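Here the structure comes first, spelled out in structure tokens, and everything after it is commentary.
The values are calculated or read from the model by the stated rules, or taken from the named source; none is laboratory data. This structure is a prediction, so every number in the text was calculated from the model and none was measured. Reconstructed Cβ throughout: ideal geometry from the backbone, glycine too, with neighbour counts over all protein chains shown. Just so you know, the surface numbers come from the protein's heavy atoms only, side chains and all, with ligands and any DNA or RNA stripped out. Shrake-Rupley method; radii C 1.70, N 1.55, O 1.52, S 1.80 Å.
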Amino acid sequence: MRADRLVATLLFMQHRGRVTAAEVARELEVSVATARRDLEALSTAGVPVYPQPGRGGGWSLVGGARTDLTGLTASEAQALFLLVGPASGRSAAATSALRKLVRALPETFRADAEAAGRAVVVDGLAWGAAARARPPWVDELQDAVVRRRQVALTYDGRGGVSERVVDPWGLVDKDDVWYLVAGTPAGRRTFRVDRVRAMTVLATAAARPDDLDVAAVWEQVVDELEARRGRVSATVAVVASLVRVLRDRLGRHAVVLGDVDDGRVLVRVSSHTVRSVAEQLAGFGAAVEVVEPAEVRAELAALGAELVARHSEG
């Protein structure tokens, strides 16, 4: 859009002070003729942009004039407000930043940007779930990541409580559970922030790979954890109406294999242990039949026997 290009030209001039049409053309990837027409259009529109002929000349903002444009296009401004979400979910700092951004936006952008901020309500709780308290260490860890400072943790892990010094790389909020991705002497490790019992940000600089991509690292973490969670699989025949329920509940650990002659559907379900697979299926009663393996069938039968023994009359 030409309007976006004119904004970009103006911001480029604010940054450089004086520019030539050729420099604008290279920066915006347009022809020199197009860049010159855009500069002339700004001047015609009343923006204090004037050419200076001769050697060392070019176009400049007279008197170092500034504009309150942020460089955002209309669609970018709307996307930002949609991303941040409703006021109820914002931190005080985010609310203050958005208020300043609104004031900086061109008048024609403001109404749509503010409307976008009210268009979406984000409810992070699943049905029936209780709200999780935000771990107290999140803000300090974010600061340590940004400032590249090592962190001393008292961590309550599987092996018990331990003391360790780590290089914080990034934080991940997954379904309202916070994780710290960090470098350690043993390599990359992931820590649940709600298992941190104490923390101190150190003065020593944290090591971080130059090519670090936290999003890519987290994808590897997820793949590794999901692989461990799906070590045991069972093939089950279920009534067709339960297929969606299984897939909603188990996600990638419920894979549809095909139909059975009697109208049921074959599904492969996975979890980290035989017992866990059986527990996932027990609540469906006779609507689910385990085809194989025999270990899961036996575990499911044992669960049934336990329930009968506990709840039968007499």
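Structural remarks
- Taken over the stretch 34-60, the criterion of being open to solvent by less than 50 Å² (accessible area, probe 1.4 Å), part of a helix (DSSP H, G or I) and more than 14 Å from Arg5 (Cα to Cα) is satisfied by Ser43 alone.
- Members of the stretch 231-248 found to be under 30 Å from the mean Cα position of the chain (by Cα), in a helix (DSSP H, G or I) and not basic (Lys, Arg), listed by number: Val243, Val245, Leu246, Asp248
Okay, residues lined up against (1) within 22 Å of Glu295 (Cβ to Cβ); (2) buried (at least 16 other Cβ atoms within 10 Å of the Cβ); (3) touching a Leu at 6+ places or on another chain (Cβ under 6 Å):
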position	(1), (2), (3)
Ser241	no, no, no
Val245	no, no, no
Leu250	yes, yes, no
His253	yes, yes, no
Val265	no, yes, no
Ser270	yes, yes, no
Thr273	yes, no, no
Glu279	yes, no, no
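- Residue check for Val214: at pLDDT 90 or above and either exposed (fewer than 12 other Cβ atoms within 10 Å of the Cβ) or touching a strand residue (DSSP E or B) at 6+ places or on another chain (Cβ under 6 Å) (or both): no
- Where Arg197 falls short, out of the listed (1) touching a Ser or Thr at 6+ places or on another chain (Cβ under 7 Å); (2) open to solvent by less than 80 Å² (accessible area, probe 1.4 Å): (2)
- Here Val165 fits the description: more than 18 Å from Val222 (Cβ to Cβ) and open to solvent by 40 Å² or more (accessible area, probe 1.4 Å).
- When Gly230 is tested against (1) within 23 Å of Arg147 (Cβ to Cβ); (2) crowded, with 17+ Cβ neighbours inside 10 Å, just one condition goes unmet, and that condition is (1).
- Residues that are free of Cβ contacts under 8 Å to residues at least 24 places away in the same chain, charged (D, E, K, R) and not in a loop (DSSP other than H, G, I, E, B), drawn from the stretch 256-294: Asp259
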